[in-house]
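Reviewing the structure listed below.
Each reported figure results from applying straightforward, stated rules to the coordinates on display, with no laboratory input. No experiment lies behind these values; they were computed from the predicted model shown. No Cβ is skipped: glycine too gets one built from the backbone with ideal geometry, and neighbour counts run over all protein chains shown.
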Amino acid sequence: MYGWRHLTRGLRALIRAKTADQDISDEVASYYDEAVAAARAKGLSEAAALRAVRVAFGNTTSVREQVRSTGWENAVRTLYDSCRYSIRRLRQSPGFTGVSLLMLALGIGASTAIFSVVDAVLLKPLPFPHAEQLVSLRHTAPGVNIKVLNMAPSLYYTYRDENRVFQDLGMWSTSTSSVTGMNIPEEVPVLMVTEGLLPLLGVQPAVGRGFTAADADPKGAATMMLSGSYWRSHFGGDPGVLGRRMMIDGESREVIGVLPEWFQFMDQKFALMMPLQFDRTAVQLVNFGFQGIARLKPGVTLQQATADVARMVPMAPAKFPPNRGWSANAFNDARIGPNLISLKDELVGDTGKTLWILMGAVMLVLLIACANVANLSLVRVDGRQQELAIRAALGGGRVRITGEMLIESILLALGAGGLGLAIAYAALRILTASTIADLPRLASVAIDSGVLVFALGISLLAGVLFGLIPILKYARPQFLQSIKSGGRALSASKDRHRARSVLVIVQVALAVILLVSSGLMIRTFQALRGVDPGFSGAKEVQTLTISIPESQAKEPERVIRVEEEMLRKLENVGGVISVAMSNTAPMDGGANNPVYVEGMNYREGSIPAIRRFKYISPGYVATAGSRLIAGRELTWAETYGQSPVALVSENLAREIWGDARAALGKRIRPTLKDDWREVIGVVADLHDKGIDQDAASIAYWPLLARNFDTRKTQVQRSVVFLIRTPRAGSTALLEEVRQAVWSVNRDLPLANVRTLEAIYNQSLARTSLTLILLAVSGVMALLLGVVGVYSVIAYSVSQRTREIGIRLALGAPVREVTQMFVRHGAVLSAVGVACGMAAAFALTRLMKALLYGVSPADPGTFVAVAAGLMAVVVLASYLPARRAARVDPVEALRAE
């Protein structure tokens, strides 16, 4: 009861301050009247009684103040008054406030933006129930030098039958499909899944139902589900879409459900979800073209699951027949084993190291900003020495004075935090819209409650950090000396400059770390740009994908005829130099399979090294901007005649036959049951896995082949057209290309429309993003460091005006006075650079995985950063030093 009364009395005192003060005054007056009356009752006169009460209790004003100070509301009122006083002081110093807000806002904004990415990508769990139980079923095959091997249907069924550790498991893959019969034809991304994948994830359809075993039956009805975004954009969110039939790749499929709007799986953008359909009796042993996922049973660890998978893998050859042309020994010789990883780690990959490095970089920028603001605060508090001394002499307590100084710093930091949030929001909008931001889970990056708490936390931390430095230095000012001093006219003591000099050294050291990191990324980017990707003129190559379903052309040769007809139409488009086709664009991946070489002895059932397979049309090498090292390209006669020919990459030729020209006339094939194919050409190496990866060993095959890969006839129904033209990327060209394709078949949509240069730049996405963010951090650090040095020298000049005047009056050369201050700045920067170099030498080793063609301890980078920073700092020192040389000795002495 007392607590409630105490609370309500305090709230009333805060809300109705005047009334509360009047109540206290009335209460004190009544108490005094009672005390006077009691004294008079003892026989004292009224004057004597009043005097006795005042002696005993003091005057009424002090008593009222004592009463006010007893309530909790007094602390709130004191804090409020201190905040008002601090805001007023900040408004009186617009220069200091504006510069401090800007520097802190940049540091806080950058830190908040990167943290929001770290939080979304690395810290938040996947949006599924008990996401920690989800694992990716990856494998490894050291026998054929494959570090990451995906999932096969044979292993899927084996694990379903034999496992002891999984609640359930599933498979998935991605594809594209042509949607026709709806306005214009459209090529859309498709997610193919086993029927149990959605229940495994704990996801329920927003509308309709999910897949069942009947949907997974190859003989069952053709069904599909829509993504939430596709449902909204194409059907306006109409629930009546259930039961509707759509033409997908020429086949009618029934819509049975709609996925939730929020559902996103492994960052795969898809419009349609379709069931994977397998006839278990026809499943062969080797078909690792799928991704696997499983949910662990409660209490099962990843290590236990790995051991169970290792137990089950050898069971597969007994359950499923080997592929045609292979034996069961090939599976065993590959030494397939488990390589399980959590689903989140599978999604994030090696992005974590990059993001933590960037987080550390922006936090260093924030530290430099704090050091700069602390330096400015030292100057500002130094100018208040007399004020602080007088306040202390008049009874101002140390706690009250230092508390007000700290509140001022915190208010300044909170204001900067608000601006920083605006900067972070803008930066994230730019980042998410950027094509170089190739980050997983990027769609979930947002400024949410967790990010707001982080921004508030670092704002408070920054305020305390830079606020404590002047407090620790001036918490006990030498009052008498401060009052007696002449203030700014007297030269500052070495003790006054020591704290500011230390802060500058810290700033320069931190700037060195960031500049070295930026320099290493610049060297990496230069090294990557210097790598020959295996093609040229990427800016002039337009790529697009077209798929021809069986409903449009059933016979293999007819497929090639349609594709060639479209190629000829495209050749006639204005400005087109040449056109060619491939199953995948350069640097856009592809299938990996073994290549058998004639004349080499292979143990029964063993598998040779895995190579990248590409299927190409005549003219591919020239159109792609590659070059022939030896031999020639394919011809259309060889393609239609299904001649047993092939091309190989230069590194494959050198590896097998020792020389590129030696490969000509040699024969290769993908399986032991296929026809031998003569090598007619050797193509320059292609970095098909990315610029930072070794060039892939590639076998190039015709688009149409007989007795190939255990098939009687193989044809590429989905091809990428490569169009070499100076008009690549223009809207006008794309419209003409679309009309050319539709003049052959209006039901064939264009997909993946982009230039080869865009594909190339995508391979540099992670390096580009890291380079840009580190470079921005380095530039900010350099500017802040220069500002710090400049402010120290400028302040030193202003404090030593009288000393400079005396030196000049006594005949000191102007050059000597200038050099004195430049030397001071050079010494500070030299110490900072030395400390920064030592720290950078240790820390840049963390960047080793991000570098290419350059060592973390690259001497050229370290020397360039040291020399460049020293030159900039000396220039920053020279500018205020030159002002010192212009001091008029007479005016300087007269000012004293």
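What the table below lists for this structure:
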{"quantity": "Gained length - D217 relative to Q693, 0.36 nm times residue gap less alpha-carbon distance", "calculated": "167.3 nm"}
{"quantity": "Gain upon complete extension [A282, K353; 0.36 nm per residue less C-alpha separation]", "calculated": "21.2 nm"}
{"quantity": "T140 long-range amide H proximity, modeled H, under 5 Å", "calculated": "L149, G337, N339"}
{"quantity": "Cα-based shape type of region 94-188, given that a ≥ b ≥ c are square roots of the gyration tensor eigenvalues and the cut on a/c is 1.5", "calculated": "prolate"}
{"quantity": "Sequence ranges 309-322, 37-50, ranked by mean other-Cβ count within 10 angstrom, highest first", "calculated": "309-322, 37-50"}
{"quantity": "Simple spin-label estimate for V99 and R498 in nanometres, 7 Å along Cα-Cβ", "calculated": "2.5 nm"}
{"quantity": "Packing rank of 612-620, 583-591, where each peptide gets the mean count of other beta carbons within 10 Å, highest leading", "calculated": "612-620, 583-591"}
{"quantity": "Efficiency of FRET from Cβ geometry, E816 and L879, R₀ 22 Å, rounded to 0.05", "calculated": "0.80"}
{"quantity": "Computed lengthening from A849 to K712, 0.36 nm per intervening residue step minus Cα-Cα distance", "calculated": "44.8 nm"}
{"quantity": "Gyration tensor (alpha-carbon) shape descriptor, region 649-768, a/c threshold 1.5", "calculated": "oblate"}
{"quantity": "Three-way shape label, region 808-882, alpha-carbon gyration tensor, a/c 1.5", "calculated": "prolate"}
{"quantity": "Rough spin-label spacing in nm, given labels placed 7 Å along Cα→Cβ, for E678 and S743", "calculated": "3.7 nm"}
{"quantity": "Estimated inter-spin distance, S229 and V531, nm [label 7 Å along Cα→Cβ]", "calculated": "2.9 nm"}
{"quantity": "Zone of R561's modelled label, taken as backbone nitrogen in region 735-773 under 19 Å from a point 7 Å along Cα→Cβ", "calculated": "741-748"}
{"quantity": "FRET efficiency for R311 and V779, using Cβ-Cβ distance with R0 set to 60 Å, rounded to 0.05", "calculated": "0.60"}
{"quantity": "Theoretical FRET efficiency, 1/(1+(r/R0)^6), r = Cβ-Cβ of T731 and S551, R0 41 Å, to 0.05", "calculated": "0.85"}
{"quantity": "Too-long pairs where the Cα-Cα distance tops 21 Å, listed order kept, from K353/K848; K344/K614; K124/K353", "calculated": "K344/K614"}
